[in-house]
Structures are given as structure tokens and as C-alpha cells.
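Here is the structure we will look at, set down as C-alpha cells.
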Amino acid sequence: MATLGAPGGQPQPATDDPELRDGPRCDLHSLRARDPALDSLCDEIQRSAATRAAAGFVDTPDMAALRKALCEKSVLLTGSAGYLGAALHMTLQKLGVAVVGVDVVPGATVDEVVDVADPDAIKRCGQPCGAVFHCAALHAPHALSWHAREFEAANVTGTANVLALGLPTVHTSTTSLTITPRVKAREKAGELVWLDESAQRPERAGADAYDPPLDAPRNKYGRTKAQGEQRCLAAARDGAEVVILRAPRFFPEDVIEETSLTLPNIKANELLGRRCALVDLIDAHLRALARVRDVRGAVFTLVAPWPLERHPGTSAHEVAALLRERHPHAERLYARHGWRLPDAITRVYDSKAAIEALGWQPLVTFEALLRLMEQREQEGLDEPASLDEREQPRKQPKG
């Protein structure tokens, strides 16, 4: 999600937020500013993802439906300087769709430097538009340097301001809000926790089923994104055309847990229900906006599809063993590059609802990666298969 901060994009230190820490900022925007190699990689992936997403979407019925719904009006895109927002901006331009990109930081994909927490500015920018991609957010890497007040302004007030426009809206949320103390305890106990669109829906749970100390999001990022979702759902109940897309890990530098695995190995394992490629996120956003009237009020989880059937009650270690059994060649392919399959899989996000309702077909999946690795082995190539959007995954042959 996009970088968005306090006015002027500066963190606001204070002592009443226990998540704040001293030190350099570690959000992607700040990391790119300090690391030219990372910045170049991100730019290359964004451009390639935009090109591929546009090519895969332009001749579809969803493209025709999107054009008809917009009536030649622009799309307002909040957070357009961010990793997803900038790529969406590039994609819309390639599709010939007019776009007004707004963010608190300037950039090639930012048409107006605007804070989504400013209702008058958002109203002005939204006047010529026919729909909204609301990607602007403060997210997990901002938590060390941005105060909870800034999270509230960006993720809650900003969402309310966007909804006040009364336009069809795709709201980018996060799977992170489903991670609660109860979920972490179940993972620690060795369970496989399965999370889908029904997770973190307190408005659906009975009073006895939802215990805030155990079931509420664990940090200010999750809490404020959950509050933003609740505002979207309330607007949908009142008739607004809004759909929520929960994005998982998709940044190029995402490494949260301490591990001895290489980054490509980590990303490969995260395709087992924890990661989504940028090109696939873009495609899902386009399809959601094209179908927003039909899926109004829905919450969808976006993640590379789980390659096995669902086995209720299976433990984290049992499902990892089952993965090896069903994909016996995976361990050999991994070993060629010094990679390791997970010994335990503690959490899986389920994207089945998004695949069915949006006609979404992710390109970058665990099974597509194995096919690519196998093809490279047959061709005598030793370098690891690329998991980013610079490389085209092989589709499953027909027949």
C-alpha cells in the first residue's frame, strides 16, 4: 500500500505510542530513497507488472464494463506514489483510462499532492472522477516512526473522506488485520490457521464469539485498517458501491520473521497462502472496480491460491508433510538452489472467494513456480527462477 504520513510526510514522534522506535524510517518509500538498487528493482517490477496487467485486461469483458461504468470520467487513485498505487496508475494509463493520482509525496504518478485526511482537497480532486481506487494508507513498516494519530488520520479519516464522495470505490485493505492474539496463540500451539473473508468481521460475530482482547487486531496498523473496513461496510449497507480487497505481503523487500533462508526462498514459500504478486494485485483491483455493482459490500482476500484442498483440523506440520507428498518433485527442485520447503505451515489465507466472484486468475503461484523451475532444469539453467514480475510465469498446458 502507498506511503502516506503526517502533513508534509514527516513522522510525528511522541511518547504515548508504545509502537514508536528511534532509528531510520523503514517504510518502502524511505528504503527506496536510501537504496538506489532497491529503487531500481521496484521501478522495474512496477513497470513490468503494469505492462503485463494491462495486456491481460484490455480485451476482456471487464474492460468493456469498466469503460461503460466510467462514462469517460477519470479514476481517482489515492496513494499513487506507493508501490501498488504507482503501478495501478501506470496500468490505467496503458489502458487509456484517465486517472487522477493523489499522494502526500510528489512523484511521476502523482497528479496532485494531497492528504486524504483533508476532506476539502479530496472532494476537489474527486469532482471530475467516476470511481476511486483507495490505496492510500499508513501500513506496518510505518509503525515505528509514525504516531497512532497519523494512522487514524490516514486509514480511518482518509477512508471516510473517500466514501463521502459517493463514488464506486475499491478499498485496498490488508490481511494483517486478521492477525490477532488468538491467531498467534493457535499458531504457536502448532495449528494451521485458515483465514478467509469471514475473518475479522465483528459485525457478524455474536457477543460471545468475539472477545476484543483476543480477537481484535494486534497493532495500530491492523486496528485502523479494520476501522476503515467497517466504514466501508457501513457505507455498503446504506447503498454505496464499495468493495474491500485485503492484500497480503507483496512488497519486494518483505521479510518479517527472522530466518536463515534466502529472500527468493522466503518469497517462494510465501506463495503457499501468504503472498501475492504485484501483477496479480493490479488485475484483481481492475476486476473489482469493473464488477463493483455486483460485489458491493464484499470482502475479498487476495493471495496466490493454496495448491492443496482444504483439510480442517490438519496441524501445521501435517500440512507441510502433505505438501511434500502431493508435490514430490518440489523438494528436488528446491534443493538445486539450496532452498528449503517449510517444515510447518501455520497460516493460510484463502482467496477462493475472490477467484470465483472476480474471475481472477493469478499468474504467480506456487505451482507456476514449480513448472518454471522444472523447465529451467530441463534446459540446463542453474540460476533460481525469478518470482518478481520481470519474468513471465508458465501457464499450465492444456490437455
Check your understanding: What whole number of Å gives the distance from the Cα centroid of region 115-166 to the Cα centroid of region 308-386?
Key -> 36
**Study point:** Helix 366-378 vs. the chain, principal-axis angle (Cα, 0 to 90°, nearest 10)
**Key:** 50
Review point. Karplus couplings for region 209-221 from phi (6.51 cos²θ - 1.76 cosθ + 1.60, θ = phi - 60°), rounded to Hz, Gly and Pro as x?
Key: 8, 10, 10, x, x, 9, 10, 7, x, 8, 8, 5, 4
Practice item. Once you have a ≥ b ≥ c as the square roots of the Cα gyration tensor eigenvalues for region 124-176, tell me rounded if a/c is under 1.5, and otherwise prolate or oblate according to whether a/b is larger than b/c. Key: prolate
Review point. Can you give the calculated 222 nm mean residue ellipticity of the chain, where each DSSP H run of n ≥ 4 adds -39,500 (n - 2.57) and the sum is split over every residue, rounded to the nearest 500 deg cm²/dmol?
Key: -12000 deg cm²/dmol
Point to revise | Accessible carbon and sulfur surface of the chain relative to its total accessible area, %, 1.4 Å | key: 51
Point to revise | Helix 316-326 axis, angle to the chain major axis (alpha carbon atoms, nearest 10°) | key: 60
Check your understanding: Under a GNM of the chain (C-alpha, springs under 10 Å), which listed residue has the highest mean-square fluctuation: V99, V303, V193?
Key -> V193
Review point. Which shape class, rounded, prolate or oblate, goes with region 35-168 when its Cα gyration tensor gives a ≥ b ≥ c as root eigenvalues, a/c under 1.5 marks rounded, and past that a/b bigger than b/c marks prolate?
Key: oblate
Exercise for review: Compute the signed sum of charges (Lys and Arg +1, Asp and Glu -1) over the other residues within less than 14 Å, Cβ to Cβ, of E331.
Suggested key: +1
Study note, to complete from the structure: Connecting every pair of Cα atoms under 10 Å apart in the chain and solving the GNM, the largest mean-square fluctuation among A86, A64, A137 falls on A64
Practice item. With springs only between Cα atoms under 10 Å apart, run a GNM on the chain and tell me which of S260, S173, S80 wobbles the most. Key: S260
Check your understanding: What whole-number value in Å² describes the accessible area per residue of the chain for a 1.4 Å probe?
Key -> 43
Check your understanding: Any idea which of I179, A121, L167 is furthest toward the positive side of the dipole for region 71-193, if Lys and Arg beta-carbons carry +1 and Asp and Glu beta-carbons -1?
Key -> I179
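Answer rounded, prolate or oblate for the chain, using the Cα gyration tensor with square roots of eigenvalues a ≥ b ≥ c: rounded when a/c is under 1.5, else prolate when a/b is larger than b/c, else oblate. Show your work: numbers first, answer last.
Details: a/c = 1.44, a/b = 1.26, b/c = 1.14.
Rounded, since a/c falls under 1.5.
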Exercise for review: Just read off the accessible area of E325 with the full protein assembly in place, 1.4 Å probe, to the nearest 10 Å².
Suggested key: 130
Practice item. Could you tell me the number of lysine pairs in the chain with C-alpha atoms less than 25 Å from each other, where the two lysines are 8 or more residues apart or belong to different chains? Key: 19
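The values are calculated or read from the model by the stated rules, or taken from the named source; none is laboratory data. Remember, predicted model here, so these are calculated numbers, not experimental data. Backbone-built Cβ (ideal geometry, glycine too); neighbour counts: all protein chains shown. Just so you know, the surface numbers come from the protein's heavy atoms only, side chains and all, with ligands and any DNA or RNA stripped out. Shrake-Rupley method; radii C 1.70, N 1.55, O 1.52, S 1.80 Å.
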